[in-house]
Amino acid sequence: MRSLTLLQYEAEQDRVLWELNEAAGAIAQHTPHEQQNFYYVTVAGAASAFPVMSMSPITFSSFPFIVGLKMSLLDVTVFPKDFAWGAAIAAYQIEGGWNMDGRGPSIWDTFCHAKGRVFEDHTGDVACNSYQLWKEDLKCIQQLGLTHYRLSISWSRLLPDGTTNHVNPKGVAYYNKVIDDLISCNVTPMITLYHMDLPQALQDLGGWNWTDIADIFESYARFCFKTFGDRVKLWITLNEPYVCAKLGHEDGKFAPGIKDPGISVYLAGHNMLRAHTKAWHTYNDHFRSLQGGQVSLALNSDWAEPLDPGCPKDAAATERYKAFTLGWFAWPVFCTGDYPESMRFRIETRSLDVGYKQGLRLPHFSKEEPTPLGTADFFALNYYTSRKVKDLSSAGKNNELSFVGDQGAEGVIDPSWPICGVQWLAVVPDGLRKLLKYIKDTYSSLPIYITENGFSKMGPVQIEDADRSQFYQDTLQEVGKAISQDGVNVKGYFAWSLLDNFEWNDGFSVRFGLFHVDFSTPELKRTIYRSGREYAAVISKYRSQTKPKSI
Ligand code: PNW
């Protein structure tokens, strides 16, 4: 039996008309009769006891007049006591102040300032102006009641040319203030060192395709650990190396806009892994015993299943799809210190097929350098969507090199999945549960933080974003099941994103925020969405249920 609260809510007036809950002596039963294919809710003990019947599982959308139902159904007691309830953002997407107070340019400044690359030539020059409006963001964080906040440091705000030869004191002061304010409000910061925004000065030297970048990143990381590590205990070195390498160096859709199919993608990815490895070892050797923090890297992954479950080729393609996305970075770090065998095999075979003779496309890790194996203190996962995978292994044999050709697999969207906002974002909350279990079984029993997950919207702004609210409800339900039924050690959940922000090459046309930002006025006013209010309600319910009982 599950208890729940029913209430009738009048959206126009934004008020609750009536409410039934345990406190009022109303006990509700939610009993699924799956065989008979109907569900009912009975509210007992209330003056007007009534059954509510439905042919499908009862959710808010089945009963639009019962707004409280869905959040109440979420059993927050399955979340561990120290669960991190967070939201995430990234520097370039919110800060603005692109040339203020000594900040150096990054590859995203260059990319956006060149016309025709981003939706309607939007830029992050101002974005949410969080550089100047940090206090407004802090109010939003407090309004949600977050326990954790994930932010990234703009490398070129701190070190304008990317090296520790020149430190920008105003950059240091900005992040010190943000960190101190968070801590004084009881919010734990999780800091990402690199979220897509390489200093342009380093791009000019070759960027992620340049071998020395790993050592330069290590010095930057060391500087951050030394400067902020007395207060920051959760570090992410790199955000989504897959996206940076693939969209930035293969497809050219993201900065630095390189289109070098089948070559740069692996080199850039390799140097990212080397950079991460060096930074983790530096923390481990020089800071861990003093500061006691943890370091990882945030890996994005879809959940993937064969398009035709009975087709062995699709099944094999699904394994390759996984190997070329999550496996590319997770296998070296969590399993062997090297890339997945299937990835090496495919890339080398394809090189022979197309007559590529210029050396290895997928580099080897040098024995002279520290190994990536074991360089994560927790698993950081960004999950957005799922794919059905079909075999492409024999397509385009003699064609040009490409990552997708190497992978020999294509991920497609199941037509039954709803799409939210951007085209790639099919809404599949139970894919997250499956992926969490897969990670536990395949990679690691370390604690997992879901460092990003969210729902985008396009078109007219709806502050009453019932669909996004439903999405968070469904997703947290799946996370709860992963914890309580699959035994996955999930330590935290960070919604993407605190604010509507600069969504890379979609500019401001795609909105992921728990708060709306009015980009049409200079004040950039933040307004909480319904999804923000409901996320806040979940956090507050969880907090009230996990507070130590007073004696
Ligand atoms: C992540 N794709 O990036 C990033 O970490 C965030 O900065 C971003 O805002 C968020 O997801 C939402 O997009 C991605 O095209 C960007 O498949 C693009 C893709 C995936 C992830």
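The values are calculated or read from the model by the stated rules, or taken from the named source; none is laboratory data. All of these numbers come straight from a predicted model, not from anything done at the bench. FYI the Cβ positions are ideal-geometry reconstructions off the backbone, even for glycines, and counts take in every protein chain you see. Accessible surface areas use protein heavy atoms only, side chains included; no ligands, DNA or RNA. Shrake-Rupley method; radii C 1.70, N 1.55, O 1.52, S 1.80 Å.
In table form, for the structure just shown:
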{"read-out": "Any hit, the range 404-412, residues being acidic (Asp, Glu) and at pLDDT below 95", "value": "no"}
{"read-out": "Search result, residues across the range 412-470 that are small (Gly, Ala, Ser) and either under 22 Å from GLY86 (Cα atoms) or open to solvent by 10 Å² or more (accessible area, probe 1.4 Å) (or both)", "value": "SER416, GLY421, GLY431, SER444, SER445, GLY454, SER456, GLY459, ALA466, SER469"}
{"read-out": "Output for the range 158-193, where each listed residue is part of a helix (DSSP H, G or I) and more than 23 Å from the chain's Cα centre (by Cα)", "value": "LEU158, PRO169, LYS170, GLY171, VAL172, ALA173, TYR174, ASN176, LYS177, ASP180, ASP181, SER184"}
{"read-out": "Count of residues meeting criterion [in contact with a Lys or Arg (Cβ under 9 Å, 6 or more places away or on another chain) and closer than 27 Å to ASN168 by Cα] in the range 110-133", "value": "4"}
{"read-out": "Qualifying positions in the range 269-291 - among the hydrophobic types (A, V, I, L, M, F, W, C), closer than 18 Å to LEU202 by Cβ and more than 16 Å from the ligand (Cβ to nearest atom)", "value": "LEU273, ALA275, ALA279"}
{"read-out": "Close pairs (8 angstrom Cβ cut-off, 6 or more residues apart or separate chains): within 9 Å of the ligand (Cβ to nearest atom) in the range 244-259, part of a helix (DSSP H, G or I) and of a type in the set (Val, Ile, Thr) anywhere", "value": "LYS246/VAL265; PHE254/VAL243"}
{"read-out": "Qualifying helices (runs of 4 or more DSSP H) (wholly inside the range 284-387; at least 3 residues being touching a Pro at 6+ places or on another chain (Cβ under 9 Å))", "value": "312-322"}
{"read-out": "Any chance ALA268 is crowded, with 21+ Cβ neighbours inside 10 Å, touching an Asp or Glu at 6+ places or on another chain (Cβ under 8 Å) and touching a residue at least 60 places away in the same chain (Cβ under 8 Å)", "value": "no"}
{"read-out": "Test: residue in the range 281-291 that is crowded, with 20+ Cβ neighbours inside 10 Å and small (Gly, Ala, Ser)", "value": "no"}
{"read-out": "TYR542 vs. criteria at pLDDT 95 or above, away from the ligand (no atom under 16 Å from the Cβ) and open to solvent by less than 20 Å² (accessible area, probe 1.4 Å)", "value": "no"}
{"read-out": "ASP506 vs. criteria in contact with a helix residue (DSSP H, G or I) (Cβ under 6 Å, 6 or more places away or on another chain), of a type in the set (Asp, Glu) and within 16 Å of the ligand (Cβ to nearest atom)", "value": "yes"}
